[in-house]
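**Student:** Please find one structure pasted underneath; my questions will follow.
Just so it is clear, none of the values below were taken in a lab; they were calculated from the coordinates. Not measured: the values here are computed from a predicted model. So basically every Cβ, Gly included, is an ideal-geometry build from the backbone, and we count neighbours across all protein chains shown.
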Amino acid sequence: MLNLLFVIGILCMVHEWALAESIVRAVLDIVRERKLKAVLEVKIAVGQLQQIEVDIFRDALKEISEGTLLKETRFSIEEEEAKFKCRNCGYIWKFNEIKRSIKEDDAEAIHFIPELAHAIIRCPRCGSPDFIVVRGRGVRIVSLRGIT
Amino acid sequence: MDPRISIVPERIKNIKRKIAVVSGKGGVGKTVIASLLALELSSMGKIVGLLDLDFNGPSCHIVLGIPEDTSVEEEKGIIPPLFNGIRFMSLELFVKGRALPLRGNDISNAIIELLAITRWGSLDYLIIDTPPGTSDELLDILRLIDGLEALIVTIPSKLALKTVERLLDLLKMVNTNIIGIVENMSKGTDIVREFAKRFNIRYLGSIPYDEKLEGALGDVGALKRTNVSESIITILHRIIGLKITR
C-alpha cells in the first residue's frame, strides 16, 4: 500500500511541479521589480478544474523555494470550486456535479490543460460545449505580503 | 495575477531559433511546410521541436503519421514525445480527434498553459504551425515567445497576397523578424516574387503543386521522396544561411 501511494505521489508531482515553478518564478520577478527585502506570505488560489494535489503542490513550492529569498515564505493555498455557465442556455453547474462522469484519461487531459474541458464536458441541460468557466479554472496568485 | 507567463522564458531559453510558419489565408499549405521543415531539419542532424498551435484544425500529426494513441511523458511538466527525431507537441495528443470549441480567452489560456508546462529542453529549432491570419494564437506567441521569427507561406493568388499584406502590417508593427516568404503551389508566375520585392521581404523559393503529396501524407519515407520535400530542402538551406535583420 505504501509503495502504491509513493508511485501515485510521483505521478502527480509532474504537473504540480511545473505550476509551482511558475509561482516561485513570478513571485521572484515581483521581488525584483518592487525591490522587496522579504516575502512574508503568498496567497494562491487553486482552481478545482485543474485537479491539483494541494499537498504535493505545497511540497513542490517548498522545495523550489529552497535557496531563494522565498525560503521562509508562507504559501497559503485556497481551493476554488469550479463553476461553469452555458453560453447557449444559461445553465450554471458545478464541477462536482459532473466530475464522476469524466473518464480517467480525460481528467488527466484537463489536469494538464484545463481548456480541454471544452472537448470533454457538455452543458448538463442542453448538451452544448460552448460554456464559460466562471471560476475555479487553475492556479493564480491572489496576493503577496512583503517587506520593502 | 497569472504566474504561468513568468516561467515561459525559462521553458524556451535553450531553443536557438523559434520559427512560426504563418499565412494570411487558410489552405495555403502551412501545416505541410511546417511539418516538412521539421522533418528535413531533423534529417540534417538538427535537434528539432514541432508545436502545432492550430487548435481548431490540428493536423501536423497527420502529415507526419504520428499515431493518435500517443501519450506524453511526464516529468516536472510534459516532455514532448519524439517522432523521427522531432519533439512534437499538440493539443491533439489529448483531444484525440474530438472538437475543441475554444473562444479567445480560452485559446490564450491554453497556449500559456502549453508553453508553461512543456519542457522542450535544448533545441536547435522550434517550428510552430499557426492558424491563418492574425489569430489569437499568433498574437499570443508574438507576445510570449521572445525572438520569434516568422516564415510566411502563400499561394500565387491576389486574394492570398492581400491577406499577407495585413499580416505583414501586424508583424512589422510588433517588430517581428521576418525570415521571408515561401510560394506554395507555384504556377510559374512572378506575382509572389514581385510582391516580396514590393514589400522588401526575402523571396525564399517556390514549391510546385505535387499530385503525389496527398498519397504520401502520414508516411515519412514517401514524404521525403516528393517534389515538395525537395523544394523544402532548397528553401531550408536559404533559411539556415540567412542572416536575419529586423
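**Student:** Which order results if A:ILE132, B:ILE145 are arranged by neighbouring Cβ count within 10 Å, fewest first?
**Tutor:** Placing the least packed residue first, the sequence is A:ILE132, B:ILE145.
**Student:** Take A:LYS94, B:LYS158, B:LYS46 and order them by how many other Cβ atoms sit within 10 Å, fewest up front. List each step's numbers first, then the result.
**Tutor:** Numbers: A:LYS94 15, B:LYS158 8, B:LYS46 18.
Taking fewest neighbouring Cβ atoms as first place, the list is B:LYS158, A:LYS94, B:LYS46.
**Student:** Summarise the long-distance tail of P(r) for the range A:15-58 by giving the % of C-alpha pairs beyond 15 Å.
**Tutor:** 48
**Student:** Taking one equal scatterer on every alpha-carbon of the range A:71-148, how large is log10 of I(q)/I(0) by Debye at q = 0.13, 0.16, 0.24 1/Å?
**Tutor:** Each listed q corresponds, in turn, to -0.48, -0.65, -1.17.
**Student:** Moving on to the next point. How large are Rg and Dmax for the range B:96-246 when only the alpha carbon atoms are used, in Å?
**Tutor:** 16.8, 45
**Student:** Ranked by Cβ crowding within 10 angstrom, fewest neighbours first, how are B:MET173, B:MET89 ordered?
**Tutor:** B:MET173, B:MET89
**Student:** Calculate for chain B the 222 nm mean residue ellipticity that helices alone would give, adding -39,500 (n - 2.57) per DSSP H run of length 4 or more and normalising by residue count, nearest 500 deg cm²/dmol.
**Tutor:** Value at 222 nm, helices only, nearest 500: -12000 deg cm²/dmol.
**Student:** Taking the alpha-carbon distance from A:LYS85 and a cut-off under 18 Å, which aspartates and glutamates remain once sequence neighbours fewer than 8 residues away in the same chain are dropped?
**Tutor:** A:GLU97, A:GLU115, A:ASP130, B:ASP106
**Student:** Rounded to whole Å, give me the distance from the Cα center of the range B:9-56 to that of the range B:119-157.
**Tutor:** Measuring centre to centre over Cα atoms gives 7 Å.
**Student:** Another question, then. Taking Cα centroids, how far is the range B:191-210 from the range A:98-117 in Å?
**Tutor:** 45
**Student:** Can you pick out the pairs among A:LYS83/B:LYS96; A:LYS35/B:LYS76; A:LYS103/B:LYS96; A:LYS62/A:LYS83; B:LYS25/B:LYS212 whose Cα atoms lie more than 18 Å from each other?
**Tutor:** Table pairs above 18 Å Cα-Cα are A:LYS83/B:LYS96; A:LYS35/B:LYS76; A:LYS62/A:LYS83; B:LYS25/B:LYS212.
**Student:** May I pose another question? Please quote Rg/Rh for the protein assembly as shown to two decimal places, taking the Kirkwood radius as Rh and restricting both calculations to Cα atoms.
**Tutor:** 1.00
**Student:** Below 13 angstrom from the Cβ of B:ILE15, what's the summed charge of the other residues (Lys, Arg +1; Asp, Glu -1)?
**Tutor:** +4
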